[in-house]
Structures are given as structure tokens and as C-alpha cells.
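Readers should treat all values here as calculations from the given coordinates under stated rules, not as data from a laboratory. Values in this document were obtained by computation on a predicted structure and should not be read as measured data. Counting neighbours? That spans all protein chains shown, and the Cβs are built from the backbone with ideal geometry, glycine included.
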Amino acid sequence: MPTKIDKSILNNINKKNIINVIREHDVIYKAEIARMTDLSIPTVMKITDEFISNGLVQTVGKGESTGGKPPQLLQFVADARHIIGVDIGTTNISVLLINLAAQIKIKHTIPTDPSRDFAVIMTQVIEAVASILSQQTETEAENILGIGVGVAGLISSAEGKVLFSPDFGWRQQDIKKPLYDAFRLPVFVDNVTRAMAMGELWFGLGQDVNDFLCINLGYGIGAAIVIDNEVYSGRRGLSGEFGHMTMDKNGPKCDCGNYGCLEALSSANAMSKQARTAIQSGAHSTISLVVNGDLEKIDAKVIFECAQAGDALANNIVNQAIKYLGIAIASAVNFLDPQLIILEGGVSRAGEALQLPLTQEVERHVMPFREHSVNIMTSHLGSDAAAIGAAAFLLKNLVEHGGKIQLSE
Ligand SMILES: [Zn+2]
């Protein structure tokens with residue numbers, strides 16, 4: 001006998017499947033939805049009526065009659081609700097207002113205050129959100145589902161807190177409360193790479209893939225694991241600290257306090273540090289020319305560009321970063337057997353200059369019996385991936401609760 005919990009989980013899965021089929025089609029008949037979801041017509045009718053009553057789905061005229069009453073066509077109303085997505089990055093803070101189809105309506109990107117002081121950064125976030133809300137009419141503001149936030153580090157989503165973020169140097173900082181106090185909107189906070197994975201599941205390369213990994217290559221390195229269409233958070237929500245796997249016990253010190261973490265060897269921050277140290281020790285490189293001698297301006301983009309142009313130092317740095325990254329990803333592939341690896345973050349925008357050698361390096365280290373080569377792709381969501389994904393947490397919550405957000409305050 002199925003328990004009550006089983007029924008509600010099943011009902012949520014049915015709602016999600018139905019809304020996703022409607023979202024993926026311009027217009028669709030209820031009978032088609034039933035066929036595509038393997039659900040009965042009465043179940044489809046009950047759930048679609050619920051979506052129509054809360055405005056997420058509308059009827060748009062009638063199809064051809066085959067004798068009886070002509071069937072109604074249904075359409076997803078992408079503008080029925082809007083969501084605010086926030087990406088608190090170490091370089092930029094990005095705040096978006098998107099509709100339910102991830103179309104960006106308003107976008108604010110501001111440079112992250114270099115102090116990385118928590119209170120200063122929260123003020124920046126609150127000001128950016130307030131600026132977006134000030135552009136909304138009263139009715140539009142009422143249709144905002146809430147605020148989704150992605151931030152690097154160990155995050156307790158249940159509490160809306162950053163437990164520890166090596167990138168920012170934050171410990172035990174509450175993100176949810178100041179945002180809720182300022183706007184009285186539901187707030188959902190999660191790790192930035194899990195937010196990216198959520199964005200891929202709903203709007204990106206993960207839409208037709210059940211099991212995949214997102215590898216976020218930015219200032220730091222993180223990963224998110226998607227198993228059977230769900231982002232895996234771990235027992236306490238601390239999964240995905242891929243960047244802090246020890247790759248070389250004698251390696252450089254990492255921001256987390258350990259030595260030789262992947263992040264201390266292959267991240268944008270690590271590559272920039274390696275270039276600075278080498279140039280300060282007398283290495284000749286076009287990197288110093290490109291940044292006009294201002295070594296603080298060295299970033300992963302400059303290093304990749306110089307490597308492409310044949311600079312020896314840049315090439316060594318890129319090759320070494322890819323080598324460690326390849327070993328780490330191959331280990332993850334051997335361990336989890338994902339269908340797809342999606343590269344995210346600033347470094348991923350090096351495109352083929354990263355993707356091709358990285359795929360070769362991963363192939364070199366995976367178990368040899370695999371029939372298929374490892375599938376590595378670069379996200380199409382670009383620099384908006386984290387903010388869109390953070391907003392998608394609220395969309396998921398909405399769909400799974402039949403058109404009403406249910407988050408604890
Ligand atoms: Zn570390």
C-alpha cells in the first residue's frame with residue numbers, strides 16, 4: 001500500500017512532468033500531455049485545471065473537432081510570474097529579473113566590492129534588488145515569486161546561511177534574513193554551482209539528461225552532481241567541494257587551509273598567482289606586456305589568450321591546470337559515471353582552447369573499458385548561468401507545489 005508521502009511525491013512528479021511538457025511546446029492538447037507523460041486524462045485534467053486557475057497555463061482557442069466537442073489547446077504563460085536571481089560572485093554581483101522561461105527582463109551587474117566584507121556586499125545586493133523592484137508596477141511586484149541566491153562555499157539552504165566560503169573568507173553569515181527583512185519575499189540560498197546545475201536542468205544542456213556533473217571553473221572550483229534529474233546536495237547540503245580534493249599533498253596552500261587542493265592548482269585565481277610569481281621571479285612572458293606591467297590585472301582570460309598566441313609561460317600554466325583538472329574529472333567520471341559533464345564559469349569561456357585538451361586529458365585517465373567517450377560540453381547560459389539557476393530553485397518549488405511557493409521563513 002502506498003503511503004501518504006509516496007502519493008504526494010508522486011503528485012509532485014506528475015505536476016512537474018505536466019508543466020514541463022506544456023513549457024516545451026508552443027501549444028498542446030490535454031490528450032497529447034497524457035500520452036507524453038503516461039498519465040491518465042483525468043489526472044492531466046485535474047492538474048492542468050490547477051495550473052489554469054493559478055495563471056501558469058492558459059487556454060488558447062480550440063483545435064480541430066473530430067466530431068465531438070473540439071479539444072482545448074493549452075499554453076504555458078511564461079510571464080505569469082517573475083523571479084529575481086542573484087549571483088554573488090567574487091568579481092561581479094549579478095541580479096536578474098527573469099520570467100518563467102528564463103527570459104531576462106532586467107539585469108544589473110555591479111563589481112563586487114574588493115573588501116569582500118559581508119555587510120558591504122549584502123548592501124550591494126539589497127540595493128541592486130531594490131533598484132529592480134522600483135521599476136515594477138504594484139501588480140508586477142505582486143507577481144514576483146521570490147529571490148534565489150547563488151554563492152560560492154558551504155551553504156546551508158535550510159537556514160539560508162553561508163557556513164564557510166573560502167573565496168570570500170566568510171563564516172556563518174546569514175544571507176536569507178537581511179534579504180527577507182528588506183523585501184518580505186521568499187528567499188532561497190544555495191551553493192553557486194548547484195544553482196548552475198539547476199539552471200542547466202530547467203533551461204540548459206541538462207534538460208534532456210538525467211545524470212550529469214557541472215564543473216564550475218572560476219575564481220575557485222566547484223562541482224554539482226545531478227542524479228536522476230535532481231541536484232544532489234548531500235546529507236547536510238555540503239556536497240560538490242570538488243575544488244578541495246587534494247591533488248598534490250606537497251602543493252600550494254589553498255584558501256581553505258589545506259595544501260594542494262585542485263582549486264589551488266587549476267582555478268583562475270591559482271593560474272593568475274602562478275603567472276605573477278613567475279614574472280616577479282624574472283620569467284619573460286607576453287603576459288606582462290598584455291597587462292602593461294600591472295600584474296594585478298592578470299586573469300585566466302589573459303593567460304589563455306597568451307597561451308593561444310604561443311607564449312611559453314602561459315602555455316605551461318594552462319597545460320598544468322588542465323592536467324590536474326583532467327585527472328580530477330576522470331576520477332569523478334570513474335566514480336559517478338555521468339552522461340555529461342557541463343563546464344561553467346569564467347574559465348569555461350576559453351571554449352575549445354580548454355574543452356578539447358581537457359577532454360583528451362580526461363580520456364587518458366578514465367577506466368579503459370568504457371564504450372563511449374566522455375561527453376564534455378560548455379554551458380550555453382554563459383555568465384548568467386548562476387543567477388538564472390538561483391531563480392530556477394523558485395520555479396522548481398512553484399511547479400512542485402502546484403503553482404504556490406512553499407518555503408520556510
Ligand atoms: Zn582547498
Notebook entry, point to check: Using Cα-only point scatterers and the Debye equation, what is log10 of I(q)/I(0) for the stretch 65-130 at each q in 0.14, 0.16, 0.18, 0.22 Å⁻¹, rounded to two decimals?
Noted result: -0.53, -0.61, -0.71, -0.88
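Determine the shape class of the stretch 46-174: with a ≥ b ≥ c the square roots of the Cα gyration tensor eigenvalues, call it rounded for a/c under 1.5, and otherwise prolate if a/b is greater than b/c, oblate otherwise. Spell out each step's value before the answer.
Details: a/c = 3.51, a/b = 2.53, b/c = 1.39.
Prolate.
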Checklist line | Vicinal HN-Hα couplings computed from phi for the stretch 220-226 (Karplus, 6.51 cos²θ - 1.76 cosθ + 1.60; Hz; Gly/Pro x) | finding: x, 10, x, 9, 10, 10, 10
Next item on the list: Report the equivalent ellipsoid semi-axes for the chain in whole Å, largest first, defined as the square roots of five times the eigenvalues of the gyration tensor built from alpha carbon atoms.
Entry: 41, 25, 19
Item checked: Max mean-square fluctuation residue, GNM over the chain, Cα-Cα springs under 10 Å, options A300, A197, A80 -> A80
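If you filter the stretch 249-353 for trypsin sites (Lys or Arg not before Pro), then keep DSSP loop positions with at most 13 other Cβ within 10 Å, what is left? Before the final figure, lay out the partial values.
Working: sites: K249, K253, K273, R276, K297, K301, K323, R349; in loops: K249.
Here the sparse-neighbourhood loop sites are K249.
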Notebook entry, point to check: Too long at a 23 Å Cα-Cα cut-off: which of K46/K176; K176/K396; K16/K176; K297/K323; K16/K404?
Noted result: K46/K176; K16/K176; K297/K323
Notebook entry, point to check: Can you give me the relative contact order of the chain as a percent, contacts being Cα pairs under 8 Å and 6 or more apart?
Noted result: 16 percent
Item checked: Debye, to nearest 20: dipole size of the stretch 20-82, +1 on Lys, Arg Cβ, -1 on Asp, Glu Cβ -> 140 debye
Margin query: Within a 10 angstrom radius of the beta carbon, how do C254, C214, C261, C306 rank from fewest other beta carbons to most?
Written below: C254, C306, C261, C214
Next item on the list: Report the relative contact order of the stretch 100-254, percent, no decimals, based on alpha-carbon pairs under 8 angstrom and at least 6 residues apart.
Entry: 16 percent
Notebook entry, point to check: Kyte-Doolittle mean at least 0.0 and Cα extent at least 20 Å along the axis: which DSSP H helices of the chain qualify?
Noted result: 118-134, 312-336, 385-400
Item checked: Per-residue ³J(HN,Hα) for the stretch 252-259, Karplus 6.51 cos²θ - 1.76 cosθ + 1.60, θ = phi - 60°, Hz, x for Gly and Pro -> x, 5, 9, 4, 7, x, 8, 10
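Run through the stretch 316-383 and list the GluC sites (Glu not before Pro) located in a DSSP loop whose Cβ has at most 15 other Cβ atoms within 10 Å.
Details: sites: E344, E352, E361, E363, E371; in loops: E371.
Answer by residue number: E371.
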Check: To the nearest 20 debye, what is the magnitude of the charge dipole of the stretch 342-409 about its Cα centre, counting +1 on the Cβ of each Lys and Arg and -1 on the Cβ of each Asp and Glu?
Finding: 80 debye
Check: Which ³J(HN,Hα) values in Hz, rounded to whole numbers, follow from the phi angles of the stretch 80-87 under the Karplus curve 6.51 cos²θ - 1.76 cosθ + 1.60, where θ = phi - 60° and Gly and Pro get x?
Finding: 4, 9, 10, 9, 9, x, 10, 10
Next item on the list: Go ahead and estimate [θ] at 222 nm for the chain from helices alone: -39,500 (n - 2.57) per DSSP H run with n ≥ 4, summed, over the residue count, rounded to 500.
Entry: -13000 deg cm²/dmol
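Fewest Cβ neighbours within 10 Å first, please rank I376, I298 accordingly. Don't skip to the end; give the middle numbers.
Values: I376 21, I298 24.
Starting with the residue having the fewest Cβ neighbours, the order is I376, I298.
Please give the charge dipole size of the chain, origin at the Cα centre, charges +1 on K and R Cβ atoms and -1 on D and E Cβ atoms. Round to the nearest 20 debye.
Values: 34 positive and 44 negative charges, 121 e Å.
That gives the chain a dipole magnitude of about 580 debye.
Based on the mean of other beta carbon atoms within 10 Å per residue, what is the order of 311-318, 171-178, most packed first? Let's see the in-between values first.
Working: 311-318: 20.2, 171-178: 17.4.
Highest-to-lowest ranking by the protection proxy: 311-318, 171-178.
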Checklist line | Overall form of the stretch 276-316 per C-alpha gyration tensor (a/c, 1.5; a/b vs b/c) | finding: oblate
Check: Amide H neighbours of I106 under 5 Å, counting only residues 5+ apart in sequence or on other chains, H built in-plane at 1.01 Å?
Finding: L97
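When all alpha-carbon pairs of the stretch 109-254 are counted, what percent fall beyond 23 Å?
Values: 4552 of 10585 pairs.
Summing the P(r) of the stretch 109-254 above 23 Å gives 43 percent of all pairs.
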